[in-house]
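Structure first, commentary second.
The values are calculated or read from the model by the stated rules, or taken from the named source; none is laboratory data. These numbers were taken from a predicted model, which means no experiment stands behind them. Neighbour counts are summed over all protein chains in view; Cβ atoms, including those assigned to glycine, are modelled from backbone coordinates with ideal geometry. Accessible surface is based on the protein model in full, side chains and every heavy atom, while ligands, DNA and RNA are left aside. Shrake-Rupley method; radii C 1.70, N 1.55, O 1.52, S 1.80 Å.
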Amino acid sequence: MKKKCMLLLSMLLSAGLWAKNDIVLYNCNIVDTENGRIVEGKTVTVRDGEIVKITDAGRRLRKGQTDATGKFVMPGLIDSHMHWGSFAPDSAYARYMSEIYLAEGVTTVRDLGGNVKNIHNYQKWIDEGVMAGPRVYYCSFWATGDYYINPSDMKGSEHEDWAPWSRKFSVKDSTDAAIEKAVLEAKECGCMGFKIYINYTPEELARMIPIMKKHGMKVWAHSSQYKGARALDVARSGVEVMSHAYMLCDDFQGGQALSDEEKEYRQSVYAAMRENGVILDPTIVISAYNEMEFAVDIMKEAYAAGVKFLVGTDYVLNDTMENTGFSMNAGFRCAVQEEMKVLHEMCGIPLAEILRAATVCGAEILDMKGRLGTVSEGALADIIVLDGNPLESLEALRKIDMLILRGKLCDK
């Protein structure tokens, strides 16, 4: 009899039906963020960092399964605009940032201009089990003109005034070969793309972007290049994401009064974004709470015009919702859920669209659609388990019952 039991166990293991270290969520409600619906009565099996199986729930809870009856299971949230390498310069800050992000169910971050050395250190601490924290995808940060990059951030690099991840790079004074060399240096550094920050002209964008894309790199940019390309130029340039809703009016430093002519211009920007598949990274919460309320109107217009959008924050918030200097243990928190709240309550965007932006769309710009931002077979197991339905209220996101990060149960 004992031999038969051992044989049966061996068959189950070899067939992949059961494994000792599986996490099995029994009889849960899956939040399908891509289609904005709830799929009831499912059992989700996690193994080796992935979701390996989703089945109809059986009639009863089995040994080793976690009873998730009445719970809502959804993918971890994605902050599509953050500066992780700047806010987490050492292990103490990295741990603090991880804690406040995981507490809000954020399991993935797109860094848009931080010190990559700090991110490399953070990833090392994650790999060594020193701490748990979100996945971080990062880019190379480029600016030109009179923009100043602090040389102290480049200590230890080949040159004091630049590094592969952060450069004051003049395209007009460079050959195509020099541009390509800089692109390859950023790629070698682990950057997945570029943030085109400020002062590049339409002609310079036309030279640099094809070289970036030639090497499989993502291209993201500020919506307006200030002394360079206008928002309409950027929308037509070949970039994949444009950051900051408030920059879509170009003269964003000139005040909130927008003329009929400017409104008509913005409609042409939205049309160009839609036609070219450009996604908006609005960072609306910072604008709404810091005397740039006109950005809310711009976001309303962009959404009504059919522009696809992300959920990104740019900063963490303190208790007064102000953008101030960041320090540990001073009431700061991740701003992702507040960003979602502003998108819903002030911009009037439906919850289903916001959840999609915070998961599916965030994964898409990282070329991780189907792997991140979804609870489906074959996806990476970054999962939050909620007491309530987030499609009915964002308050449900405040009540995280369980967090699974990289396939392991994680303390929030």
- prompt: So, of the residues in region 388-412 that are farther than 21 Å from Glu339 by Cα and among the acidic types (Asp, Glu), which turns out to be surrounded by the most Cβ atoms within 10 Å (Cβ to Cβ)?
  reply: Asp401
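Let's see how each residue does on (1) in contact with a strand residue (DSSP E or B) (Cβ under 7 Å, 6 or more places away or on another chain); (2) surrounded by fewer than 18 Cβ atoms within 10 Å (Cβ to Cβ); (3) at negative phi:
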residue	(1), (2), (3)
Ala57	yes, no, yes
Thr69	yes, yes, yes
Pro75	yes, no, yes
Ala103	no, yes, yes
Val106	yes, no, yes
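Can we say Met82 is more than 24 Å from Ser243 (Cα to Cα) and buried (at least 17 other Cβ atoms within 10 Å of the Cβ)? Walk me through how you get there before you give the answer.
Numbers: more than 24 Å from Ser243 (Cα to Cα): no; buried (at least 17 other Cβ atoms within 10 Å of the Cβ): yes.
No, not satisfied.
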- prompt: What tally of residues in region 119-135 results from selecting those that are crowded, with 22+ Cβ neighbours inside 10 Å, in contact with an Asp or Glu (Cβ under 9 Å, 6 or more places away or on another chain) and not β-branched (Val, Ile, Thr)?
  reply: 2
- request: Filter region 294-312 down to residues that are modelled with pLDDT under 95 and either under 24 Å from Lys195 (Cα atoms) or in contact with a Phe, Trp or Tyr (Cβ under 6 Å, 6 or more places away or on another chain) (or both), then give me how many there are.
  value: 3
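Let's see how each residue does on (1) modelled with pLDDT under 95; (2) basic (Lys, Arg); (3) under 30 Å from Asp90 (Cα atoms); (4) surrounded by 14 or more Cβ atoms within 10 Å (Cβ to Cβ):
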residue	(1), (2), (3), (4)
Ser327	yes, no, yes, no
Met340	no, no, yes, yes
Met346	no, no, no, yes
Pro350	no, no, no, no
Leu355	no, no, no, yes
Gly373	no, no, yes, yes
Ile383	no, no, yes, yes
task: Quick one: which strands (runs of 3 or more DSSP E) lie wholly within region 28-136 and hold at least 3 residues that are under 30 Å from Pro164 (Cβ atoms)?
output: 77-82, 106-111
- prompt: If you go through region 43-80 one residue at a time, how many are basic (Lys, Arg) and in contact (Cβ under 8 Å) with a residue 24 or more places away in the chain?
  reply: 4
- prompt: Hey, any hits in region 108-118 for a residue that's touching a helix residue (DSSP H, G or I) at 6+ places or on another chain (Cβ under 8 Å), among the hydrophobic types (A, V, I, L, M, F, W, C), under 18 Å from Gly407 (Cα atoms) and surrounded by fewer than 16 Cβ atoms within 10 Å (Cβ to Cβ)?
  reply: no
- line: With criteria (1) open to solvent by 10 Å² or more (accessible area, probe 1.4 Å); (2) in contact (Cβ under 8 Å) with a residue 40 or more places away in the chain, Pro89 comes up short on (2)
statement: The strands (runs of 3 or more DSSP E) lying entirely within region 168-283 that contain at least 2 residues which are open to solvent by less than 40 Å² (accessible area, probe 1.4 Å) and more than 25 Å from Ala305 (Cβ to Cβ) are 193-198
- request: List the number of the failed condition for Asp314; all other conditions in (1) on the phi > 0 side of the Ramachandran plot; (2) open to solvent by 50 Å² or more (accessible area, probe 1.4 Å); (3) acidic (Asp, Glu) hold.
  value: (2)
field: Cβ-Cβ under 9 Å pairs, at least 6 apart or on other chains, region 358-378 side in a loop (DSSP other than H, G, I, E, B), far side among the hydroxyl-bearing types (Ser, Thr, Tyr) and open to solvent by 30 Å² or more (accessible area, probe 1.4 Å)
entry: Leu366/Tyr137; Met368/Tyr137; Gly370/Ser376
query: What do you reckon, is Glu291 at pLDDT below 90, open to solvent by 10 Å² or more (accessible area, probe 1.4 Å), of a type in the set (D, E, K, R) and assigned to a loop (DSSP other than H, G, I, E, B)?
result: yes
